[in-house]
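The values are calculated or read from the model by the stated rules, or taken from the named source; none is laboratory data. On a predicted model such as this, the values are computed, not experimentally measured, just so you know. Here the Cβ positions follow ideal geometry from the backbone for every residue, glycine too, while neighbour counts run over all protein chains shown.
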Amino acid sequence: MITFYPGPSKVYPEVEHYIKEAFDSGLISANHRSDGFMKMLGETISGVKLKLNIPADYEVYFVSSATECWEIIAQSLIVNSSLHIFNGAFGEKWMDYTHNISSHTADGSFEPNEVLFLHESVVREDEVICITHNETSNGTKVADNFFTDLRKRVPNVIAVDATSSMAGVELPWEGADVWYASVQKCFGLPAGMAVMIVSPKAIEQAIRIGERKHYNSLLFIRDNFLKFQTPYTPNTLGIYLMGKVMQQVAPIQEVSNQTKKRAAEWYSFLSENGYQILVENEVVRSDTVIAVRETRERIADLKKAAKQAEIVLGNGYGKEKDTSFRIANFPAITQKEIDTLKQFLVSMTSK
């Protein structure tokens, strides 16, 4: 089967070899306080920072999932309140989950076709600003210049969900303080781990708050990662595979150029062949998740035929669950696979 599901999505085929290599090396059975593990963790962190062009003073941690990152941020970085900027289901879920831990959450929702602008007057002092960079549910993105502009106007800690864009496109790291993503999308890895990238500003705030009540408190995580250890038994195989994939992939500038080129080709192709893009405003269309609007009946026909052709399309999600399907545009997907899906979609226009 060829999968275009937007997460978990296609894993790089080389991962099969890396898994055997990990098994043969004995590392996946190693104690996570051992020299071998610490050396591997340090090399993996260096590879992530190098290939994603992360600033030298930002720190990289590995945790279980993007959902765990919601918890870490809520526990360890929120002083009084958080402001959640979102236009789709996953941004809203982040706000709802945070509200369970920190009751003072503010709703900064906006429309999917809207170009985001946030006036500093609506931001409270010490409020953590939580933004979804790429909304997987509806195929929208926030422009990079939004972050650089906001950074100039507010001193607040800014946290960003980049789950479906990190490792697929270049990110404006210095425009925010916490970036996080699960690995089962643009990283081309099996599900079960997330990357959390943290700025000196966020670390200063965590130290000021001093929260150490939980196994995944940010300061406890940091204490361990500074020694190339982890606060709890980690996903050793996931960390090993991350290191290997970082050796394999091109620098993020090259990956990003390819992702954006393919996205532009996808949007042109779909429009030219009678498919309606869910996001009408071209400026805010995602480069990594393409969402297509169709009737409920038509979507059922497309999915059934795609399955028979051994192609997996992504379901709609949230408000557009029954009236859209999604196509992953992640780096692990090959041009040959894209061409196969395009041929299938052309064939379905006359049916």
Among the residues of region 310-351, count how many are small (Gly, Ala, Ser), modelled with pLDDT of 95 or more and either more than 25 Å from residue 249 (Cβ to Cβ) or not in a strand (DSSP E or B) (or both).
1
For residue 299, state whether it is under 22 Å from residue 183 (Cβ atoms), in contact with a Phe, Trp or Tyr (Cβ under 9 Å, 6 or more places away or on another chain) and assigned to a helix (DSSP H, G or I).
no
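Here is a yes/no grid of residues against (1) touching a helix residue (DSSP H, G or I) at 6+ places or on another chain (Cβ under 9 Å); (2) under 16 Å from residue 195 (Cα atoms); (3) not β-branched (Val, Ile, Thr):
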residue	(1), (2), (3)
16	no, no, yes
19	yes, no, no
23	yes, no, yes
26	yes, no, yes
36	yes, no, yes
43	yes, yes, yes
46	yes, yes, yes
Criterion: small (Gly, Ala, Ser), surrounded by fewer than 17 Cβ atoms within 10 Å (Cβ to Cβ), at pLDDT 95 or above and within 30 Å of residue 29 (Cα to Cα) - qualifying residue of 238, 210, 192, 188:
192
Per the filter on region 241-262, residues surrounded by 16 or more Cβ atoms within 10 Å (Cβ to Cβ) and either of a type in the set (A, V, I, L, M) or over 22 Å from residue 13 (Cβ atoms) (or both) are 241, 242, 245, 246, 249, 252, 255, 260
Check region 33-53 and report whether any residue there is at pLDDT 95 or above, within 30 Å of residue 318 (Cα to Cα) and part of a helix (DSSP H, G or I).
no
Of (1) β-branched (Val, Ile, Thr); (2) modelled with pLDDT of 95 or more; (3) within 23 Å of residue 287 (Cβ to Cβ), residue 148 satisfies all except one. Which?
(2)
Does residue 1 satisfy the criteria of being at pLDDT below 95 and under 26 Å from the mean Cα position of the chain (by Cα)?
yes
Boolean, residue 121 is assigned to a loop (DSSP other than H, G, I, E, B), of a type in the set (Ser, Thr, Tyr) and either within 29 Å of residue 319 (Cα to Cα) or at pLDDT below 95 (or both)
no
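Using the structure shown, decide if residue 285 is touching an Asp or Glu at 6+ places or on another chain (Cβ under 6 Å) and in contact (Cβ under 8 Å) with a residue 24 or more places away in the chain.
no
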Looking only at region 136-158, which residues are under 22 Å from residue 191 (Cα atoms) and either touching a strand residue (DSSP E or B) at 6+ places or on another chain (Cβ under 7 Å) or without any contact (Cβ under 8 Å) to a residue 40 or more places away in the chain (or both)?
136, 138, 139
Take the conditions closer than 19 Å to residue 1 by Cβ and buried (at least 17 other Cβ atoms within 10 Å of the Cβ) and apply them to residue 302. Does it pass?
yes
With (1) part of a loop (DSSP other than H, G, I, E, B); (2) without any contact (Cβ under 8 Å) to a residue 40 or more places away in the chain; (3) hydrophobic (A, V, I, L, M, F, W, C) as the list, and residue 115 as the residue in question, which single condition is left unmet?
(2)
Number of the exception - residue 292 against (1) in a helix (DSSP H, G or I); (2) without any contact (Cβ under 8 Å) to a residue 60 or more places away in the chain
(1)
Checked pairs for region 168-189, first under 21 Å from residue 73 (Cβ atoms) and without any contact (Cβ under 8 Å) to a residue 60 or more places away in the chain, second among the basic types (Lys, Arg) and outside any loop (DSSP other than H, G, I, E, B), C-beta under 6 Å and 6 or more apart or across chains, list as 175/151; 177/201
